[in-house]
Amino acid sequence: MKILVVGKGGREHALITALKESPVETEVFCFPGSDAIEPLAKSVDVDGLHSLIDWMSAN
């Protein structure tokens with residue numbers, strides 16, 4: 001399962017941490033991400049909402 005978490009704060013970090021600890025196989029991405037989140041999720045490198053929508057459609 002692929003999951004995109006949008007945000008870069010503490011709530012998003014906690015959500016990504018919980019997803020990574022889940023026994024369900026997940027690939028976690030984040031936008032825009034942060035230094036604290038980077039070790040846990042792949043950062044999506046897009047610039048703007050339309051680019052993010054295009055990335056989500058492709059992935």
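Since every read-out is calculated from the coordinates, none of them should be taken as a lab result. Only a predicted model underlies this, so the values are computations on that prediction, with no experimental measurement involved. Don't worry about glycine lacking a Cβ; one is built from the backbone with ideal geometry, like all the others, and counts go over all protein chains shown.
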(request) Express the Stokes-Einstein translational diffusion coefficient of the chain in µm² s⁻¹, to the nearest whole number, given a Kirkwood radius over alpha-carbon pairs, 4 °C and a viscosity of 1.567 mPa s. (result) 112
(request) Could you size up the charge dipole of the chain around its Cα centre, putting +1 on the beta carbon of Lys and Arg and -1 on that of Asp and Glu, and report it in debye to the nearest 20? (result) 160
(request) Quote to one decimal, in nm, the extra length available between Ser22 and Leu49 on full extension: 0.36 nm per residue of separation minus the C-alpha distance between them. (result) 6.8 nm
